[in-house]
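Below: one structure, written as structure tokens.
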Amino acid sequence: MTLDTRSRRFAGRTVVVTGAGSGIGRTTAIRLAGEGGRVVAVDVDGSRLEALAAEHPLLDLVTVTADLTDEDDVQAVFAAAGETVDALANVAGVMDRFLPLHELDDATWSRVMDVNVTAVMRMCRAAIVRMLPAGRGAIVNISSEAGIRGSAGGLAYTTSKHAVHGITRNCSFMYADKGIRVNTVAPGPTSGSNIDPTRGSEYGAAYIDHIQRTIMPPFARSSALAASIAWLLSDEAENVTGVLLPSDGGWSAI
Ligand SMILES: NC(=O)c1ccc[n+]([C@@H]2O[C@H](COP(=O)([O-])OP(=O)(O)OC[C@H]3O[C@@H](n4cnc5c(N)ncnc54)[C@H](O)[C@@H]3O)[C@@H](O)[C@H]2O)c1
């Protein structure tokens, strides 16, 4: 990825990025640190974080291996971040094998909701508790095309990504006058991902693959998503809160 090293929008800021071991989260962590931020890079997969730090020794990256479905791990992330957290990007997420409701098992539902919704709520809560006394802060939560339409995932993933924007909108409403902005980015297909694309259901695949072949745009680079996230976290977006920004090559316009 080519960085515009003239841009230092995050100099002096501490930013927490989840899912920083792979894909969109990894590229976002590199982008924010490249713009001068001290980035707390979080992932459940410690080997991915080790590789990230090893590849970017000049960036200010604090790596924390944490399973964000565990509240103790969430607290460990913020202990590593320190007293002040200026921004948070909730990027970590998991898929659901595109299971329709009649084939959905409880374990898949719980796992997807735990990672994609409950962990996002906990991370936002821990961040906002620290941002309130400071009177400033910015959060971006990552949804999906599946947070906008019914034809981009299974039941659990679709529900979870709609819920992500519910967290965003309520937090935006509750904290806008406290100087805290909360927004959602909804990626379309994005390359460089390790997210599990498995189709666990012939029924689900028959519906989804047919629609996706017809209207899904080409895969975007993860740097395009990192740019959208970085902008919303930066002061350039000072007047923007509560929005869902599709960064999807126009998919949501179809
Ligand atoms: N890649 C796409 O095409 C696409 C499209 C739409 C939405 N999204 C969303 O963007 C986000 C990032 O996707 P990606 O493609 O970069 O995924 P990815 O799988 O490449 O990276 C996600 C990272 O999150 C980490 N993670 C998973 N569960 C975790 C947990 N409990 N605690 C801490 N870390 C955990 C994984 O270890 C992984 O490194 C996800 O929320 C995904 O739903 C991705």
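The values are calculated or read from the model by the stated rules, or taken from the named source; none is laboratory data. Fair warning: this is a prediction, and the values are worked out from it, not measured in the lab. Reconstructed Cβ throughout: ideal geometry from the backbone, glycine too, with neighbour counts over all protein chains shown. These accessible areas exclude ligands, DNA and RNA; they are computed on the full protein's heavy atoms, side chains included. Shrake-Rupley method; radii C 1.70, N 1.55, O 1.52, S 1.80 Å.
What tally of residues in segment 184-222 results from selecting those that are more than 18 Å from Gly154 (Cα to Cα), of a type outside the set (S, T, N, Q) and more than 10 Å from the ligand (Cβ to nearest atom)? Residues that pass the stated criteria total 3. Only residues that are of a type outside the set (A, V, I, L, M, F, W, C), within 11 Å of the ligand (Cβ to nearest atom) and in contact with a strand residue (DSSP E or B) (Cβ under 7 Å, 6 or more places away or on another chain): list them for segment 45-74, please. Listed by number, the residues that qualify are Gly46, Thr65. Say we look at segment 159-183 and pick out the residues that are surrounded by 23 or more Cβ atoms within 10 Å (Cβ to Cβ) and more than 11 Å from the ligand (Cβ to nearest atom); which of these is nearest to Asp106 (Cα to Cα)? Taking the candidates together, the pick is Thr168. Against the numbered list (1) touching a strand residue (DSSP E or B) at 6+ places or on another chain (Cβ under 6 Å); (2) farther than 20 Å from Asp248 by Cβ, Ala107 comes up short only at (1).
Among the residues of segment 19-37, which ones are assigned to a loop (DSSP other than H, G, I, E, B) and buried (at least 24 other Cβ atoms within 10 Å of the Cβ)?
First, the residues of segment 19-37 that are assigned to a loop (DSSP other than H, G, I, E, B): 19-22, 35-37.
Listed by number, the residues that qualify are Gly19, Ala20, Gly21, Gly37.
Can you find a residue in segment 86-97 that is among the aliphatic types (A, V, I, L, M), more than 16 Å from the chain's Cα centre (by Cα) and more than 8 Å from the ligand (Cβ to nearest atom)? Let's see the steps before the verdict.
Within segment 86-97, the subset among the aliphatic types (A, V, I, L, M) is 87-89, 91-92, 94-95.
Applying the additional criterion that residues be more than 16 Å from the chain's Cα centre (by Cα) yields none.
For segment 86-97, residues among the aliphatic types (A, V, I, L, M), more than 16 Å from the chain's Cα centre (by Cα) and more than 8 Å from the ligand (Cβ to nearest atom): absent.
Of all residues in segment 111-152, those satisfying the criterion of being under 30 Å from Tyr203 (Cβ atoms) and open to solvent by 50 Å² or more (accessible area, probe 1.4 Å) are Arg111, Asp114, Ile148, Gly150.
Mind checking whether some residue in segment 79-86 is within 30 Å of Gln212 (Cα to Cα) and surrounded by fewer than 23 Cβ atoms within 10 Å (Cβ to Cβ)?
First pass over segment 79-86, keeping only residues within 30 Å of Gln212 (Cα to Cα): none.
No: zero hits.
Comparison of Leu232, Leu245, Leu155 shows that the only residue that is under 24 Å from Arg9 (Cβ atoms), open to solvent by 50 Å² or more (accessible area, probe 1.4 Å) and not basic (Lys, Arg) is Leu245.
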